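Laboratory data are not the source of any read-out in this text; all were calculated from the coordinates shown. Fair warning: this is a prediction, and the values are worked out from it, not measured in the lab. When we count neighbours, we look across all protein chains shown, and the Cβ atoms used for this are built from the backbone with ideal geometry, even at glycine.
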Amino acid sequence: MKAVESKAAQEKESELVITRVFDAPRESVWKAWTDPQQMKRWWGPKDFTAPFVEIDFRVGGKYLSCMRGPDGKEYWSTGAYREIVAPEHFVVTDSFSDSKGNPVPASDYGMTGYWPDELTVIVDLEDNTGKTTMTLRHIGLPPGEMLEMCKAGWNESFDKLEKIVK
């Protein structure tokens, strides 16, 4: 029983949950997640750009994106959409990848700690009288420093998202 409890505790530690309220209709926030041109405008932490975003937004469809840091280093990621309930909920897998969408280990990008080959991202959008309450769950992150870095990165991305949705 102890092993099961410890595994459950580890999984709980590896889940990042962020809730934000945007002063924008839910459809605008949904489109920012699903339209590659809009996603390029906000994807990535402060001072990062998203020079490439490709989205096949359907169950079974995939995405491929690139974040470029201020030093010019590129970070590619890919995943597949598992659930979509427009305009309120989607589930997508998330993996580090090369520029062709082939998954690569997180260590290829200098990430430390144990990273599973595939993480899960769940986004829920709730209509809140003209505003949108968004809850993001990123499951599978290594606890500690990497989780905190991901939290900061997501929040900086959402600061940029807030500026483009209306």
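Spacing of the modelled spin labels on V85 and K151, each 7 Å from Cα toward Cβ, amounts to 2.8 nm.
Net length available on complete extension from R68 to N102 is 10.4 nm, with 0.36 nm assigned per residue and the Cα-Cα distance removed. Spin-label model, D35/T129: points 7 Å from Cα along the beta carbon direction are separated by 2.7 nm. Highest GNM mean-square fluctuation among A106, A152, A86, for the chain modelled with Cα contacts below 10 Å: A86. For the chain, the Kirkwood hydrodynamic radius comes to 16.4 Å, computed from all pairs of different C-alpha atoms. Among H89, H138, the order by Cβ neighbours within 10 angstrom, fewest to most, reads H89, H138. Under conditions of 25 °C and 0.890 mPa s, the range 99-145 yields 185 µm² s⁻¹ as its translational diffusion coefficient, taking Rh as the Kirkwood radius over Cα pairs in the Stokes-Einstein equation.
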